[in-house]
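Each reported figure results from applying straightforward, stated rules to the coordinates on display, with no laboratory input. What you see is a predicted model; the values in this text were computed from it and never measured. Cβ: placed from backbone, ideal geometry, glycine included. Neighbour counts: every protein chain shown.
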Amino acid sequence: MYEESQIIKEIIAGKKEKYDHIIEFYKDKLYAVALRLTASEEDAESIVKQGFKKVYEKLDTYEESFLFPEWLYDQFIPLFKEAGASRSITPLQLPLHNPHHIKLEEALHTMPYQLKLEFLLRRILQFSSTKISNLMENSVNEIEGRYKDSLIHIRQYTLLDTHQEKSECHSIGELTEFHDGEVEEQVEEAIKDHLEFCPDCRNVLEGLKKEEVFLDFVLEFPKLSEAFNKKVLEDLVAYVPKQPKHRTWKYQFSVLGILCAIFLFGVFILPSLKPLAGMVTTYIQYGTIYNVWSEGTYVATDKEISFEVTEVEMDSDFMYIYYDIQREGEESPVSLFEEIDFYSHKPVKIIGEEDQEYEIQVTQPDYLRYGRKKVEDIEGEYRPFFVVKIKDKETLPDQFDIRINFVRLLDKYGNWKLDVPIRYDKMEDEAVTVKLNKEINIGNKMILEFVDVTYSKNITTFRYHQRQTEEERERVSAVLKEHNQEYRLQEYGLGHHIGLNVVTEGGNYVVPLYFYDMEMPDPDKPIEMYFTHYYTDTEFYDLKGKIKDPMRELFAQIMGVYYHEPAFFSMEIPLEETEKTLLDGRINEFKLTDYSIVATKDAAGDVSQYEFIINGESEAQDGITSEIGWEILDEKGEYVHTGGWYHYEDRDKDGPRKLFHGDIHPKYDHGSFPETLLLKVESIYIQFNDLEGELFPLFIEEENEGGSDD
C-alpha cells in the first residue's frame, strides 16, 4: 500500500505532481460508485474530479491518526448523496459482452437510489454497516436488512430466468438463505436432501456461488483513463513549501565525518570487494549471477509470501507473464482468487534505458477469479499468468526490463519488487491477420461489420465495427430537431450495442481479456476484443481446456443486439386509487390502453406504498422486443422512489401487456407521497432477437475444410 503520509508531506511541500499517485490509486473505485449513482459517464467523471479537488484542498488538515482511505472517502459522501437529486433512469451502455454481466448491470440500475448508494458503499468502498448507519441515520439492523434486500433483488433479477420453479422446489429466496447459511438446522437438512434429486435447485446454488464474482467484475468496470489524472492536476494550485531552517554546526560536522568515512572506505577497502560486489549487483538486478533470462530465478519475498516470475512468452503486441505465488510452509501453490492487487499505481511497467517508461496495458483473464481448483484438471498444461499489452510497439527498444512492484498479495500488504530483463530484438513475431469483410444490416437501423481477426502466439484479437445506417441517423436527427434537442444526436448515435462473444464451434466460450484501463469505444473506430486460447463451458463458465488450432476453430457469436432511440412523451396522473382508467396515447410503436393504482396499507391503516400499472401493446415487427424508458417524477420534477419494475416479466409477451408495473414508495426524507405523478419518456430500448446465437466463422472457411496451414 502507498505510504500516503509521506506522499501528502511531499505534496504540501510543493510537489503537486505527487498527487497523481493518490488519484490513480483511488479514482476507479470512486468512479464506479458515481457511475452507478448517476448513470452518466460525464456526470460521474465530474463528481470524481470535484471530489479529488476537494480532497487536495484539505490535505493539510489530514491527521495521520486517521486511516487515509476512510478520510478520503468521507470527502466524497456529500457529493454522492447530492448526485441522487439529478439521477437519470437511462440505463448505462457499457461495453459488456457477457449476457450475465449485462443482466447484473440492469439489476443494479433498477434498485432504488438509497439502497443502491448503501450497497455501493459497502461493496466497492468496503464501508462497514456501522459506518453506513451513522451516515444514513438508521440502525445497523436496518442497514443490514436493506443490504440483504439488495442482494435478493439482484439474485432474483439474474437467476429467475434460469430457475424453473416447481411445486416441490425451493424458491430463490429460500435457496439464497441456505447459500448464506441463514436457515435453521432442520431446514438446512431438508434442503440438502432435496438437492440430491433436483438439478434445477443445484443450478441455482451454483449460480449463487458465482454471483459474487460476477458482481465484483461488473462493479469494477469500466475505468478512468490516465488522462483524467492530468485534468485534475491542471486545475490544482501547488502548495507553497515551508522554508527549511538553517543547519546547526553539529549537523554540519556530522556530515563532514560521514564524507571522511566514505573516502577511507573507497581508498582501502573497496578494491578487494569489487568482484563480489559485481556478482551481488548482477544477482540483485537479474535474479541470477548470469545476465540472461533464466526460468524460475526471479523471486521476491515479503510477509512470508514469495512471488516468482517463471517465464515470459511474447510476440510483438503481448507478453504472457507466467508466475507462481507461494506461502512459506505450504508445498502447493495458493488459491488464485484475488491473489494479486492490480489497483496499485502502475504495478507493472516496461522500463528502458535511463528509466524511460513505455505505455502498456495490464490484464488478468476473467476466469482466474474463480480459483485454481477450477483449472487444475483442464486438458493440456495450465500455468497462472497475466498479460501485458504493448500500446506502441514501434517505440519499444531492443532491450528493456519488465518492472514489477506489487504492494498486496493474498490480502497482505508488503513489498514485492522484480526487474525482469527482456531481449525484444530476439522475439519472433508469428502473428497472422485474417480479413473478414462481412457486413450485416440489422433492422435498417444498424450495420455490424466484421473487420479482421489477428492470431498471435497466445491471444486472438477480434475487431468489429457497429454504426447507425445513414437513413437511421437522418431519421433520428429529424426527430430531435422537431423537439429542439439536436444537441443529443451524439447521445442517441452511441446508444446502441451489439454483444459479441468468441466461441468454439461447439458453443464453448473463449476466455476474454479485460484491461483495467479500458476506455469507452470510439464510434468512428472498430471495437477490439482480446481472447486467450482457453475455453469454458456455457453454463457456469468453468475452464475446460485449451484450443489446439485457434485459426480454424473460432467463431463470433451474437449474444444480443440492443438499440436506443428517442421518444418524447409526458403526462400527469393523480396518485390515488383507481381501477382501470382508459388512456389514449402513443409512444413510438407502443399504444397505451389504461392504467390502475392500488394502495397497500400497514397495520395502522396508513398507505405504505402504491402499486402502479400501465397497460398497452407494442406494434413492433416480429423478432423485436422493446422497452419504454420510463421516468417517474413528482409535480416539482423531482425523482419519485419506485421499486419492483415487474413489467420486465412481460417484455417478451405478444399482444396486450404491462408496459409499466412498479411500486411507488414514500420519500425517504419526508415519508410522504406526491399528489401527482409526472410520467416522462425520452427513450425506447429495442432488442433484436433474430440474430441471437448465430455463429460467424473467424477464418477463411476453405482453409478450415482442408486448406494449408499457411
- Task: Distance check, please: which entries in 303/391; 81/680; 18/426; 148/445 exceed 32 angstrom between their Cα atoms?
- Result: 303/391; 18/426; 148/445
- Task: Compare the Cα positions of 465, 523, 478 along the charge dipole of the stretch 429-585 (+1 at Cβ of Lys, Arg; -1 at Cβ of Asp, Glu; about the Cα centre) and return the one farthest towards the positive end.
- Result: 465
- Query: So, by mean Cβ neighbours within 10 angstrom, what's the order for 557-570, 601-614 with the highest one leading?
  - Reply: 557-570, 601-614
- Task: Report, to two decimal places, the Cα Rg of the stretch 554-615 normalised by 2.2 N^0.38 Å (N = number of residues).
- Result: 1.77
- Query: In what sequence, highest mean first, do 113-125, 382-394 appear when ranked by Cβ atoms within 10 angstrom?
  - Reply: 113-125, 382-394
- Over all directions, the stretch 4-234 yields a Cα convex hull whose mean projected area in nm² is 14.9 nm²
- What is the fewest-to-most order of 645, 416 by other Cβ atoms lying within 10 Å of their Cβ? 645, 416
- Item | Per-peptide average of other Cβ atoms within 10 Å, ordering 24-36, 477-489, 132-144 highest first | 24-36, 132-144, 477-489
- Item | 31 Å Cα-Cα threshold exceeded, pairs from 103/525; 27/438; 58/667; 53/116; 116/525; 16/223 | 27/438; 58/667; 116/525
- Item | the stretch 4-234: relative contact order as a whole-number percent, Cα under 8 Å and 6+ apart | 25 percent
- Note on the structure: The size of the Cβ-based charge dipole (Lys, Arg +1; Asp, Glu -1) of the stretch 4-234 about the Cα centre, to the nearest 20 debye, is 1180 debye
- Note down the relative contact order for the stretch 432-551 as a percent, whole number, built from C-alpha pairs under 8 angstrom at least six residues apart. 22 percent
- Rg and Dmax [Cα atoms of the stretch 421-518; Å; Rg one decimal, Dmax integer]: 19.3, 62
- Task: With a ≥ b ≥ c taken as the square roots of the eigenvalues of the C-alpha gyration tensor of the stretch 614-665, please select rounded if a/c is under 1.5 and otherwise prolate if a/b is larger than b/c or oblate if it is not?
- Result: prolate
- Message: Report the Cα centroid-to-centroid distance between the stretch 559-628 and the stretch 1-30 in angstrom, as an integer.
- Response: 49 Å
- Item | Cα-based equivalent ellipsoid of the stretch 576-674: semi-axis lengths in Å, sorted from largest, via gyration tensor | 27, 14, 12
